[in-house]
Amino acid sequence: MKSSLGEKAYMIIPRSLLDHLEEASVLAGVAGYDIVRVWRTRYTWRVGRGLVDAIAREAEKDKPSTIIFYGDPKPSTVFTLTKTMKVRVVDRVALILEIFAKHAGSREALLQIEMARIKHELPLVREWIRRSKLGELPGFLGPGGYAIDSYYKHLTSRLSKLRRELRELRKVRSVRLKARRESGMIHVAIVGYASAGKTSLFNAITGESRRVGEEYFTTLHPKHKAVQVNGVKIVFIDTVGFIRDVPPEIVEAFHSVLEEIRISDVIMFVVDVSESDNIVREKVAAGIETLAKIEALGLPMVIAANKIDKVDGEALDSKVKLLESAALSAGLKFRVVPTSALDYRGLKELLSAITSIIGCSGAREEMVEPGGPRERIF
Ligand SMILES: Nc1nc2c(ncn2[C@@H]2O[C@H](COP(=O)(O)OP(=O)(O)OP(=O)(O)O)[C@@H](O)[C@H]2O)c(=O)[nH]1
Ligand SMILES: [Mg+2]
């Protein structure tokens, strides 16, 4: 994604992740970078000497402010790139955390993201300290050995302070969550890969008008809205999108949102079925993996096979089969419902599936009542 206002950046992408180049560029764009050149590398964790020199030569002309290494470079690789190029180096985790930091919607989210960023930075700072002891520290990037030592101490003490503050905030939240459980209302967490159409479905069901968009991470803070379905009050929760290979730092940064998912009664898993079989398979696997990490896989799940307005009948059948087999092999209790948030197809069936999967409606599927203000939907 190009933006004339973005910071000029280079992207280094490992060959094994070339299929993800578009996703990487979208994320870079959302984080505010304008990618002026893309470099391929053989490894996900390092860059060969020849490539470093080639990049450095071009960087003399282009003068990028940042290099995004869309992989998991070792601290020593980041050190080498920074030292040779004299620019900031951002890896995949740091890039995603930058986006999250820009959009954090609550104090808790902000503190969690800061904590994740510090934890991610510590190994890099340790590498700088190690190199400074070896006398390799370049003078151009500011601090000498002593300054780096004290920066490290600053980070670790900030980390303890953040831990304390988050512990307090969690106490407040657990009181709120307990009240939520005692309210007796059914909570449905809308989850799924970034851009699958979670917010569009949330809006269609609840009559809200939250922002939707093609770019990833349009939604970063959750929103609750209650609607009446089959005489049952159901609270829908719109959440942040998943992405593949979510690193533990990022899962942790979203502890508060993910906990909301974990204590829900039903998971509504939105999948964009207009994409290729391979992409659908990969994104479903990424979603299942994230749900497993947050211990939410045991919950009943309704899978919304979304964007069917872009899929023909035969292709849809095979997509539904694909979703069913992925859910079966993950051992889920699930139902698949084809939907379109665009023309509202399948929404009535989606709501019926939700109420029946938790035993609220039994065979009364035809009795779905109007939900939010947009009564025409149902
Ligand atoms: N054709 C079609 N487009 C859809 C449908 N649902 C969503 N979209 C489009 O897909 C894009 C992403 O929709 P969102 O609702 O923002 O997706 P999201 O899952 O909430 O995305 P994030 O919050 O970024 O994770 C938008 O451009 C929507 O207009 C659908 O059923 N059909
Ligand atoms: Mg959204």
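If the condition is being away from ligand 2 (no atom under 13 Å from the Cβ), touching a Lys or Arg at 6+ places or on another chain (Cβ under 8 Å) and among the charged types (D, E, K, R), then the range 196-244 contributes only Arg244. Between Gly207, Gly231, Gly213, the distinction of being surrounded by fewer than 19 Cβ atoms within 10 Å (Cβ to Cβ), over 22 Å from Ile354 (Cα atoms) and either of a type in the set (S, T, N, Q) or not assigned by TED's automatic domain parsing to the domain that holds Leu110 (or both) belongs to Gly213 only. Looking at the range 263-272, is at least one residue without any contact (Cβ under 8 Å) to a residue 40 or more places away in the chain and either in the same structural domain as Arg211 (by TED's automatic domain parsing) or basic (Lys, Arg) (or both)? Looking through the range 263-272, none of the residues is without any contact (Cβ under 8 Å) to a residue 40 or more places away in the chain and either in the same structural domain as Arg211 (by TED's automatic domain parsing) or basic (Lys, Arg) (or both).
Name the one entry in Gly105, Gly192 that is surrounded by 13 or more Cβ atoms within 10 Å (Cβ to Cβ), under 19 Å from the mean Cα position of the chain (by Cα), within 16 Å of ligand 2 (Cβ to nearest atom) and assigned to a loop (DSSP other than H, G, I, E, B). Steps first, answer last, please.
Details: Gly192 fails: assigned to a loop (DSSP other than H, G, I, E, B).
Matching residue, one of Gly105, Gly192: Gly105.
Cβ-Cβ distances below 6 Å connect the following pairs, each with a first residue in the range 78-106 that is farther than 15 Å from Ala59 by Cβ, a second residue that is aromatic (Phe, Trp, Tyr), and a separation of six or more residues or different chains: Asp91/Phe69; Arg92/Tyr70; Ile99/Phe217. Taking (1) at pLDDT 90 or above; (2) within 7 Å of ligand 1 (Cβ to nearest atom) in turn, Thr218 satisfies each apart from (1).
So which residues in the range 8-21 are among the charged types (D, E, K, R) and modelled with pLDDT of 90 or more? Within the range 8-21, Lys8, Arg15 meet the criteria. For the range 298-319, the set of residues classified as part of a loop (DSSP other than H, G, I, E, B) and more than 18 Å from Gly241 (Cβ to Cβ) consists of Gly298, Leu299, Pro300, Val311, Asp312, listed by residue number. Checking Glu98, Glu60, Glu22 one by one, the residue that is in a helix (DSSP H, G or I) and more than 21 Å from Arg244 (Cα to Cα) is Glu60 and no other.
If the requirement is being hydrophobic (A, V, I, L, M, F, W, C), buried (at least 17 other Cβ atoms within 10 Å of the Cβ), in contact with a His (Cβ under 9 Å, 6 or more places away or on another chain) and not assigned by TED's automatic domain parsing to the domain that holds Arg173, which of these qualifies: Val93, Val26, Val78?
Just a single option satisfies the conditions, and that option is Val93.
Conditions (1) near ligand 1 (Cβ under 8 Å from one of its atoms); (2) assigned to a helix (DSSP H, G or I); (3) farther than 30 Å from Pro123 by Cα, marked per residue:
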{"residue": "Ser200", "(1), (2), (3)": "yes, yes, yes"}
{"residue": "Ala204", "(1), (2), (3)": "no, yes, yes"}
{"residue": "Glu214", "(1), (2), (3)": "yes, no, yes"}
{"residue": "Val227", "(1), (2), (3)": "no, no, yes"}
{"residue": "Lys233", "(1), (2), (3)": "no, no, yes"}
{"residue": "Val240", "(1), (2), (3)": "yes, no, no"}
{"residue": "Glu252", "(1), (2), (3)": "no, yes, no"}
{"residue": "Phe269", "(1), (2), (3)": "no, no, yes"}
{"residue": "Ser274", "(1), (2), (3)": "yes, no, yes"}
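Of Val273, Val240, Val235, all but one fail to be within 12 Å of Ile190 (Cα to Cα) and at pLDDT 90 or above; the exception is Val235.
The values are calculated or read from the model by the stated rules, or taken from the named source; none is laboratory data. All values reported here derive from a predicted model rather than from experimental measurement. Methodologically, a virtual Cβ is constructed for each residue, glycine included, from the backbone with ideal geometry; neighbour enumeration extends over all protein chains shown.
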